[in-house]
Amino acid sequence: MATNTLRLLKELSDIQKNPDQAIYVSYNEDDITSVKALIIGPPDTPYEYGFFEFNMQFPRDYPTSPPKVNAITTNGGRTRFNPNIYAGGKVCLSILGTWRGEAGEQWSSAQGIESVLLSIQSLMSANPFENEPGFEGGGQKEKSYKKEQDQYCHKIQHETFRISILQRLEGYMRINPSTGRVNPVEDISHLSPAEREAEEQKRTHLEPFTDLCKRLFRYYYHTYMRTISNERERVQDGQHFTIMPFEYGGNQMAGKFSYHELERRMNAVKAVIDAEGETWAKQGAEAAKKEEGISASLQLQFSQTYQHFLSKYEGTVMLELIEDNPFCWRIIYIGRPMTIFDGGLFRIRLILSPLFPEEQPRVIFETPIYHVNITSDGVPYYRPRKTDDIKSHIDALIEVLENEQLSPDPRTWMNLDAAQLYFGKPEEQREYRKSFRRAVQRSTEY
């Protein structure tokens with residue numbers, strides 16, 4: 001195996017094992033020189049929690065030469081998301097050799113995939129207007145362009161929702177943007193048996209970031225809706241985007257605001273994603289009736305996992321199948337004495353897809369809980385160490401509950417009101433603890 005191939009494999013493996021920086025990669029093992037990457041927009045920027053895809057092509061002499069990088073999230077080549085990310089897909093960075101830079105900013109073999117993607121992510125700043133040469137902050141110029149800076153951020157925020165999130169998810173799930181309904185699957189009964197088999201395989205094959213984007217949407221839906229509410233007070237629906245001094249021709253971000261429409265589409269996407277879990281449950285029930293292999297396999301996993309947790313957590317964690325469906329598990333967490341969960345009882349539903357682990361479980365707290373890492377409607381932020389191991393998922397969920405030192409990383413904050421109190425002043429922290437304990441005390445009522 002060539003040296004550059006070994007280097008690429010190691011870099012890709014390292015990123016996949018530890019996606020802490022909100023960068024994700026996917027590749028075909030038959031050709032690892034062609035890589036797809038997804039960058040999640042950083043918090044507190046107009047790109048916040050958007051899904052930005054890039055293609056990376058690695059030359060034969062990598063890492064002596066840098067990869068070629070092309071932006072895919074461009075609205076079909078019509079939208080420029082950043083002074084350095086063109087509508088045509090070009091990414092202007094000195095380390096890629098696509099922009100002149102200062103001495104020491106050029107590519108070197110010490111750099112790699114992660115450094116390239118983090119450099120692109122750094123372009124998605126709170127004030128991307130300043131990325132354009134000649135419009136950097138400082139002095140009189142910063143004051144002169146303050147209005148344009150704000151206008152630029154407003155339209156990027158809008159298009160982050162419309163293009164990077166909604167267009168992507170609607171495409172994944174065949175949602176008609178105008179109606180919010182899922183388009184029917186095309187009839188293939190007229191095809192030959194071989195053609196039907198090929199089409200069915202294509203339909204069950206997921207695009208590399210499909211499930212990831214659905215899970216992230218569940219995490220950040222409430223953040224999206226809060227931002228939409230805030231932006232509706234700052235701009236008027238129907239108001240045209242302001243064209244920036246450095247935008248021109250087909251290399252710009254043109255359009256108009258329509259947050260009422262975006263709100264409707266966000267809710268439609270959420271409804272379809274929520275309904276998928278119920279579909280998995282029905283498919284599981286049918287598989288159990290027919291005694292299909294996947295059903296028997298999950299039934300065996302449940303039995304083994306049940307015994308494992310009964311021993312590991314000494315009665316604190318119990319498992320049961322919901323209506324004897326091996327695709328639908330319920331985790332019952334009993335608060336340990338002398339802890340903040342003392343006296344509490346929480347039920348957590350975990351629904352498995354027939355395509356698990358390619359599609360990760362849908363998890364929801366059936367018992368209401370007030371927690372920084374759990375949304376107000378029960379969606380937890382958690383990260384299993386092994387995504388293909390159900391025991392690892394459950395361990396990660398219990399860790400979320402029992403961890404008393406919560407992360408200051410805003411990407412883990414699912415309940416923004418709770419996070420504001422938890423990381424706030426002493427009196428706010430006391431209010432958080434009171435709200436948390438009230439939820440624990442009421443948990444036995446459900």
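What the table below lists for this structure:
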quantity: Solvent exposure, largest accessible area first (probe 1.4 Å, DNA, RNA and ligands not counted), of R80, R162, R226, R181; calculated: R181, R226, R162, R80
quantity: Selection from V235, N325, L350 lying farthest towards where the dipole of the stretch 217-367 points positive, charges on Cβ; calculated: V235
quantity: Estimated FRET transfer efficiency (E148, T339; beta-carbon r; R0 56 Å; 0.05); calculated: 0.60
quantity: Segment W99-D324, length gained on full extension (0.36 nm per residue, minus Cα span); calculated: 75.0 nm
quantity: For the stretch 359-446, Kirkwood radius (reciprocal of mean inverse C-alpha pair distance, Å); calculated: 13.7 Å
quantity: Cα-centre dipole for the chain with unit charges at Cβ (Lys and Arg positive, Asp and Glu negative), debye to 20; calculated: 760 debye
quantity: Radius 15 Å from Cβ of L310, net charge of other residues (Lys, Arg +1; Asp, Glu -1); calculated: 0
quantity: Separation of alpha-carbon centers, the stretch 17-84 and the stretch 354-399, rounded to whole Å; calculated: 27 Å
quantity: Size-normalised alpha-carbon gyration radius of the chain, reference 2.2 N^0.38 Å; calculated: 1.07
quantity: Alpha carbon centroid spacing (whole Å) that separates the stretch 257-284 from the stretch 401-446; calculated: 27 Å
quantity: Sorted largest first, extent of the stretch 202-348 alpha carbons per principal axis (Å); calculated: 65, 49, 25
quantity: Sequence ranges 394-402, 228-236, 367-375, ranked by mean other-Cβ count within 10 angstrom, highest first; calculated: 367-375, 394-402, 228-236
quantity: Net charge dipole size for the stretch 337-446 [Lys, Arg +1 and Asp, Glu -1 on Cβ; Debye, nearest 20]; calculated: 200 debye
quantity: Relative intensity, log₁₀ I(q)/I(0), of the stretch 25-79 from a Debye sum that treats every alpha carbon as a point, q = 0.13 Å⁻¹; calculated: -0.41
quantity: Net charge, R80 excluded, C-beta distance under 12 Å - Lys, Arg +1, Asp, Glu -1; calculated: 0
quantity: Gyration tensor verdict on the stretch 50-92 (Cα atoms; rounded if a/c is under 1.5, prolate if a/b is larger than b/c, oblate otherwise); calculated: prolate
quantity: Farthest positive-ward along the stretch 1-88 dipole, Cα basis, beta-carbon charges - from L38, S13, G77; calculated: G77
quantity: Solvent-accessible surface (1.4 angstrom probe) belonging to T444, in square angstrom, nearest 10; calculated: 90 Å²
quantity: Net charge over other residues, Cβ less than 11 angstrom from the Cβ of A275 (K, R count +1; D, E count -1); calculated: 0
quantity: Stretch gain in nm, segment R60-L300, where the contour uses 0.36 nm per residue and the Cα spacing is subtracted; calculated: 81.7 nm
quantity: Among G335, P384, F365 - extreme Cα towards positive end, dipole of the stretch 298-420, charges at beta-carbon; calculated: P384
quantity: Per-residue [θ]222 nm for the chain (sum of -39500 (n - 2.57) over DSSP H runs n ≥ 4, rounded to 500); calculated: -13000 deg cm²/dmol
quantity: Under 5 Å, built H, 5+ apart or other chain: amide partners of Q106; calculated: none
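The values are calculated or read from the model by the stated rules, or taken from the named source; none is laboratory data. What you see is a predicted model, and the numbers here were worked out from it, not measured in a lab. Because the Cβ atoms are built from the backbone with ideal geometry, glycine has one as well, and the counts that use them run over all protein chains shown. Remember, those area values only see protein heavy atoms, side chains included, never the ligands or the DNA or RNA. Shrake-Rupley method; radii C 1.70, N 1.55, O 1.52, S 1.80 Å.
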